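The values are calculated or read from the model by the stated rules, or taken from the named source; none is laboratory data. None of these values were measured; they are calculated from a predicted model. Cβ atoms come from the backbone with ideal geometry, glycine included; neighbour counts cover every protein chain shown. Side chains included, ligands, DNA and RNA excluded: accessible areas come from the protein's heavy atoms. Shrake-Rupley method; radii C 1.70, N 1.55, O 1.52, S 1.80 Å.
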Amino acid sequence: MKKSIKTSFFTISALILTFGMLGCKGKQQKDNNDEDEQKYAVSTYKTVEGNLDDYLEFGGDVSSVNSVAVLPDMAGKVSRVLVSVGDLVRKDQVIAYVDASRAGYNYTASPVKAPISGRITSLPATVGATVSQSSPIATLAQTDDLEVKINIAERFISRIEQNQSASVTFDAYPGVEFKATAFEISPVLDTTSRTMQVKLRFNEKDSRIKVGMYARIKLVTESVKDAILVPSTSIVTRDQNPYLFIVSGSKGGVPTAKLVPVKVGISVDNKTEITSGLTVGDEVIVKGMALLNDGSKINIMN
């Protein structure tokens, strides 16, 4: 009987010791897991100074700054045409003749002269066709001096000013940008479309640009220089105010996230200007912010 009691005592002691060791091991494993769960994988971006341009996008057609219709001095039949579409002509150069003769009356053919120097862009008249003094013989344009006309919606007119710069692209030349400047702003709005017409002139002559091409325009309305820029997606909102997480200090050798309030400026193409709250060189967390709190341990992936 005594032997049985002694055996039971040792068995119970062994069980208690075993459970105690398992409990300590489980607690240690839990602590390690908790420590691992406190680290959040993030991506960071080191801030630098840059320029940021806010812009409006429009579409427009390329046209000549100076384009005129050539009209005959008298009605009659076109007897001769001396030019072709695309030809360059000088001012007062004869481009056609119109014969006003009719049964019983003979007249000397009247010359039709170019009113300006330029290029023939259209030539509707043909030999033998009857024309009046209001019928255009040809259209002349100074194709070396081109412009783009755009119509600005009423809600945007407060952002438009003289001499604003623009970037112009064409489907014919993917990836190529042509610079232009706003040189004429209409003082009135079209009452039908509620738009204001603005004309842009190209800064440099380029033979690749043709009259009638469709242009895609980015008109710069605001520009900031040497600003601190961050990806717009890195900004988090807390209590309806903008914040950023930056890498700051460490806990036990592990980097931590610091939540800092910031003031933002303009945002363009997923880039936002930070006007206060950051300095150049701060390391901003740009991915993995959703689960972070101020002081959270982080694991910087890149």
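Descriptive notes on the structure:
- Extreme residue, nearest to SER64 (Cα to Cα), among residues of segment 138-182 that are of a type in the set (Phe, Trp, Tyr) and in contact (Cβ under 8 Å) with a residue 40 or more places away in the chain: PHE170
- Test: THR233 is β-branched (Val, Ile, Thr) and farther than 22 Å from VAL42 by Cα: no
- The condition of being part of a loop (DSSP other than H, G, I, E, B) and either open to solvent by less than 50 Å² (accessible area, probe 1.4 Å) or closer than 12 Å to ILE217 by Cα (or both) holds for only one of SER167, SER135, that being SER135.
- In segment 265-281, residue nearest to LYS46 (Cα to Cα) [restricted to those that are open to solvent by 50 Å² or more (accessible area, probe 1.4 Å) and more than 14 Å from the chain's Cα centre (by Cα)]: VAL280
- Among the residues of segment 171-180, those that are over 14 Å from the mean Cα position of the chain (by Cα) and either at pLDDT below 95 or part of a loop (DSSP other than H, G, I, E, B) (or both) comprise ASP171, ALA172, TYR173, PRO174.
- Test set (1) in a strand (DSSP E or B); (2) open to solvent by 40 Å² or more (accessible area, probe 1.4 Å) - ASP144 fails condition number: (1)
- Among the residues of this structure, THR121 counts as one that is of a type outside the set (Asp, Glu), part of a strand (DSSP E or B), open to solvent by 40 Å² or more (accessible area, probe 1.4 Å) and over 14 Å from MET74 (Cα atoms).
- Flag for ALA129 being open to solvent by less than 80 Å² (accessible area, probe 1.4 Å) and farther than 27 Å from VAL68 by Cα: no
- Residues (in contact with a strand residue (DSSP E or B) (Cβ under 7 Å, 6 or more places away or on another chain), among the polar types (S, T, N, Q) and over 16 Å from LEU56 (Cα atoms)) located in segment 174-210: SER186, SER193, ASN203
- Out of ALA227, ALA215, one residue alone is under 25 Å from the mean Cα position of the chain (by Cα), within 14 Å of THR47 (Cβ to Cβ) and modelled with pLDDT of 90 or more. It is ALA227.
- Any hit, segment 93-115, residues being part of a loop (DSSP other than H, G, I, E, B) and touching a residue at least 40 places away in the same chain (Cβ under 8 Å): yes
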